[in-house]
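As structure tokens, the structure follows; a few thoughts come after it.
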Amino acid sequence: MTLKIIVMMKQVPDAEEIFIDPVTYTLNRTAARGVINIPDENALEIALQIKDKVGAEVTVISMGPPQAEEAIIECMGRGADRGILITDRAFAAADTYATSLTLAATIDKIGKYDIILAGESTTDSGTGHVGPGVAEFLDIDQVTYAESAEVVDDKIRVKRILEDADEVVEVPFPVLVTVLTGANIPRRATLRRKIDAIKKGIERWDHETLGLPPDWIGIRGSPTIVGAVKVPEEKKRASKKISLEQIPEMIDELFEKGIIKREDGA
Amino acid sequence: MSKLINCVPPENIEEYKNVMVYVEHRNGSIVRGSLEMIGRARVIADKVNEKVICVSLGDNLSPIAEEAGTYGCDIFLGAESPEHRYFRSIPYAHKITDFIEKYKPNILLISGTREGRDLVSRIAVRVRTGVAADCVELDVEPKQRLLISWRPAFGDKTINQILCRKHRPQTVSSRPGSYPVPEKIPGRKCEVRIEKVKLDEKYLKHRIVSRKPKEKLDLTKSDIIVSGGLGLGKPDGFKLIRELADVLGGDVGASRPVVDLGWIPYDHQVGQTGQTVRAKLYVAAGISGKIQHVVGMKASETIISINNDPDAGIAKYSDYFINADLYKAIPIMIDEIKKRKKGSGGAKKSS
Ligand SMILES: Cc1cc2nc3c(=O)[nH]c(=O)nc-3n(C[C@H](O)[C@H](O)[C@H](O)COP(=O)(O)OP(=O)(O)OC[C@H]3O[C@@H](n4cnc5c(N)ncnc54)[C@H](O)[C@@H]3O)c2cc1C
Ligand SMILES: Nc1ncnc2c1ncn2[C@@H]1O[C@H](COP(=O)(O)O)[C@@H](O)[C@H]1O
């Protein structure tokens, strides 16, 4: 039986091109190019490496506006077999709960799966909460912050990186794994595969396909709301300009204010 | 589709009381991020006259409970098992959910460490509530006991206020390093309720094959940090940075490009993709002041920058801006500090 792998991929605005409107504090999305969220590329690469090694059918799913299709085609150009775009106005402004629910419902509808791969977080809203949320909805195990992963029999063996330790864990299928930014170097798409993908087309599912009531999804299905938006206040600093000659004076001040302490503690 | 259900709010949100904190610990002591959360929980609980309840899992929790007490915890709930020595998402999430269902906290604070983020949304989905993720400011509106959380968005270009009006507990994952560690009150005690639990066999299929602790520099705990950037011009420049850090009794930090170049290991990196620090004194030498670096250090109390470009962006974030070649400025600083440290030389009399 071929392994079934699902990759969760989000198209995000290119971080380098993000522009915030100074009056409305909203993101000027038209200015920013859509790209694949970086760790999702690394997640896809792990899926494709497993496919190369032991054979697998790789499905990419993405919830987003119609233009996210581009990003799915790119993934198929790299070697994914199937692409599903979950798109519906009613999905808009979903928080992590509603997003996880929608993605879990998508995976549930796909049916059989062994491994689900996601990125560690998204660069545009960056919570890192969607992957584990999906795993909880599907009631399956998870391994987060993977640097690499390989299939060993009916298990996945993952090296994960924590703040204070590196851990190797083995978990039986089905399992969801979230992948670190920069875990690997993603392969490039081939033109031929991309053309094939465009010919084959990607599937588009909406809330009705998923059988999700409108008040379960998008902003209506989200327990959290954005109450207000502000631009971070910067603490005003003195920015006192110091020349080489004034350094002794500055050091005196630091001692006086107790910012630097003498050996005797004074 | 039994598990795939929407976020149904509870009917009786008045029943939800107190502030719960998930306490993460390592080698017998509480991690900094969780201490920040206990401190914040104390402030919030005091405003609404409620208690701080800490929850924790592990194989030996008494010392953790004791430490939590000294930082402001009122009630410590623990689940102890030899198997809980290692973190596993599912049994941890299930146990904490049990605590939540039993104690019904109004607010749940979890530090957004890797472990914290692994847990928080599983818990939230299980108890059917929302998470304000990666928050950097937290406050409470005392009348409705509504938590006001703020989280940066779009690479910290804006800050969004997140509210969870109808669901409980109001759950937060907080960016580590966003709050000071609270004052420790030696001898302060809390009520301790630690139960022994047995881990279901099926969870042990999640096998931890190996765990290699790494010697990691934790800059979030440093009071004094001297950081070097590309302006050092060469890897050797870190010798001078180290020397200044040594006379100040501090640690060495770095900007990202010098880490990428391999001049210094990643655990020295400060910034958006490195550590967020809150030093008493932060010195930035040869660092231009790009926002991705600044977000990781701007909460420091006193900031000195050294840069030979009079228009360097870092000036704006500095209390003192030494506009000079760092290779000239730092040796003078080292000299002047050494003289005064010993209490001789040019220092003014400290009274
Ligand atoms: C998604 C993302 C995440 C990022 N995360 C981080 C992060 O976590 N941390 C981080 O630091 N960066 C991060 N960056 C990179 C960041 O944008 C900047 O590129 C970086 O901070 C610049 O480092 P620098 O100041 O050392 O180098 P530069 O910008 O090149 O600045 C060098 C400075 O040194 C000065 N200088 C040169 N010679 C001397 C001398 N002899 N004496 C004194 N001054 C001198 C120059 O005037 C200049 O101002 C990130 C970028 C992206 C896109
Ligand atoms: N709209 C989406 N469509 C598909 N996958 C998503 C979506 N949002 C988040 N994800 C996945 O969940 C991961 C974590 O996202 P986040 O919790 O938003 O930081 C991402 O790296 C993706 O793999």
- Query: Can you give the angle from 0 to 90° between the axis of helix A:38-54 and the longest principal axis of chain A, with both taken from C-alpha atoms, to the nearest 10?
  - Reply: 40
- Task: With unit charges on the beta carbon (Lys/Arg positive, Asp/Glu negative), name the residue among B:PRO176, B:ILE337, B:LEU230 whose Cα is farthest towards the positive pole of the charge dipole of the protein assembly as shown.
- Result: B:ILE337
- Message: Distance between the C-alpha centers of region B:21-67 and region B:292-347? Whole Å please.
- Response: 36
- Task: Enumerate the aspartates and glutamates that B:LYS216 could reach by cross-link, defined here as Cα to Cα under 19 Å, with residues fewer than 8 away along the same chain left out.
- Result: A:GLU147, A:GLU163, A:ASP164, A:ASP166, A:GLU167, B:GLU24, B:GLU115, B:ASP246, B:ASP251, B:ASP260, B:ASP267
- Taking every eigenvalue of the Cα gyration tensor of chain B, multiplying by 5 and rooting it, what semi-axes result, largest first, whole Å? 41, 22, 21
- Query: What residues of region A:80-101 lose no less than 10 Å² of accessible area with every protein chain in place versus their chain by itself (probe 1.4 Å, heavy atoms only)?
  - Reply: A:THR96, A:TYR97, A:LEU101
- Let me have the 222 nm mean residue ellipticity of the protein assembly as shown computed from DSSP H runs of 4+ only, each contributing -39500 (n - 2.57), with the sum over all residues rounded to the nearest 500. -8000 deg cm²/dmol
- Item | Amide N of region A:226-257 lying under 13 Å from the label point, which is placed 7 angstrom from the Cα of B:ASP335 along Cα→Cβ | A:244-249
- Highest-first arrangement of B:218-225, B:277-284, A:188-195, B:99-106, where packing means the average Cβ count within 10 Å: B:277-284, B:218-225, B:99-106, A:188-195
- Message: Within region A:177-211, name every residue whose backbone N is under 14 Å away from a label modeled 7 Å from Cα of A:ASP52 along the Cβ vector.
- Response: A:184-190
- Item | Volume per residue that the Cα convex hull of region B:186-244 spans, once the total is divided by residue count, Å³ | 217
- What is the set of long-range amide H partners of A:THR181 at a cut-off below 5 Å, with H atoms built 1.01 Å from backbone N? A:GLU120
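What percent do you get for the relative contact order of chain A when only Cα pairs under 8 Å and 6+ apart count? If you can, show how the numbers build up before the last one.
On the way: 493 pairs, mean separation 60.7, N = 266.
Reported relative contact order: 23 percent.
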- Query: Roughly what % antiparallel, to the nearest 5, for the DSSP beta bridges in chain B?
  - Reply: 20
- Using protein chains only (no ligands, no nucleic acids) and a 1.4 Å probe, work out which residues of region B:134-160 have their accessible area cut by at least 30 Å² relative to the chain alone. B:TRP150, B:ARG151, B:PHE154, B:LYS157, B:THR158, B:ILE159, B:ASN160
- Note on the structure: Here the percent of antiparallel bridges among DSSP beta bridges lying wholly in region B:197-351, to the nearest 5, is 0
- Point-to-point label distance, A:LYS194-B:ASP46, nm (Cα→Cβ direction, 7 Å offset): 6.0
- Task: Relative to the longest principal axis of the C-alpha atoms of chain A, give the angle of the C-alpha long axis of helix A:247-256, reported between 0 and 90° and rounded to the nearest 10°.
- Result: 90
- Task: Among DSSP beta bridges lying fully in the protein assembly as shown, give the percent that are antiparallel, nearest 5.
- Result: 35
- Task: Take every Cα-Cα distance within region A:3-216, group them into 10 Å bins from 0 onward, and report for each bin the whole-number percent of pairs it holds.
- Result: 9, 35, 37, 16, 2, 0
- Using R₀ = 30 Å, calculate the FRET efficiency as 1/(1 + (r/R₀)^6) where r is the Cβ-Cβ separation of A:LEU244 and B:GLN292; round to 0.05. 0.55
- Calculate the dipole size of the protein assembly as shown relative to its Cα centre from +1 charges on Lys and Arg beta carbons and -1 charges on Asp and Glu beta carbons; express the result in debye to the nearest 20. 400
- Looking at chain B, do any whole DSSP H helices span at least 18 angstrom along their long axis by alpha carbon and average -1.0 or above on Kyte-Doolittle, and which? B:32-48, B:89-103, B:114-127, B:326-341
- Query: Ballpark to the nearest 100 Å², how much total accessible area do A and B bury together, probe 1.4 Å?
  - Reply: 7800
- Query: Per-residue HN-Hα couplings for region B:131-148, Karplus 6.51 cos²θ - 1.76 cosθ + 1.60 at θ = phi - 60°, whole Hz, x for Gly and Pro?
  - Reply: 10, 8, 9, 6, 7, 10, 9, 9, 8, 10, 8, x, 5, 8, 6, 8, 7, 10
- Compute the length gained on full extension between B:VAL209 and B:ARG165: take 0.36 nm times their separation in residues and subtract their Cα-Cα distance, giving the result in nm to one decimal. 11.6 nm
- Helix A:96-110: angle to the longest alpha-carbon principal axis of chain A, degrees 0 to 90, nearest 10? 20
- Query: Taking the highest mean first, how do the peptides B:288-297, B:256-265 order by number of other beta carbon atoms within 10 angstrom per residue?
  - Reply: B:288-297, B:256-265
- Report, in debye and to the nearest 20, how large the dipole of region A:188-249 comes out about its Cα centre when Lys and Arg carry +1 and Asp and Glu carry -1 on their Cβ. 460
- The answer for B:GLY253, listing residues at least 5 apart or on another chain whose modeled amide H is closer than 5 Å to its amide H, is B:VAL226, B:SER227, B:GLY228
- Task: Enumerate the whole-percent occupancy of each 20 Å bin, from 0 to the last occupied one, for all C-alpha pair distances of the protein assembly as shown.
- Result: 19, 50, 28, 3, 0
- Treating only Lys and Arg (+1) and Asp and Glu (-1) as charged, each at its beta carbon, one finds that region A:3-216 has a dipole about its Cα centre, in Debye to the nearest 20, of 1000
- Positive end of the charge dipole of the protein assembly as shown (Lys, Arg +1 and Asp, Glu -1 on Cβ, about the Cα centre): tell me which of A:ILE259, A:ILE156, A:MET76 has its Cα farthest that way. A:ILE259
- Which aspartates and glutamates have a Cα less than 12 Å from the Cα of A:LYS236, not counting those fewer than 8 places away in the same chain? B:GLU301, B:ASP319
- Query: Do any residues of region A:190-223 lose at least 20 Å² of accessible area when the full set of protein chains is present rather than just their chain alone, and if so which, with a 1.4 Å probe?
  - Reply: A:TRP216, A:PRO223
- Query: Of all accessible surface on chain B at a 1.4 Å probe, what whole percent is carbon and sulfur?
  - Reply: 49
- Note on the structure: Computed from the beta carbon distance with a Förster radius of 30 Å, FRET efficiency for A:LYS257 and B:ASP309 to the nearest 0.05 stands at 0.65
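The values are calculated or read from the model by the stated rules, or taken from the named source; none is laboratory data. Please read all numbers here as calculations on a predicted model, not as lab measurements. Neighbour counts run over all protein chains shown; Cβ positions are idealised from the backbone, glycine included. Please note that ligands, DNA and RNA were not included when accessible areas were found on the heavy atoms of the full protein model with its side chains. Shrake-Rupley method; radii C 1.70, N 1.55, O 1.52, S 1.80 Å.
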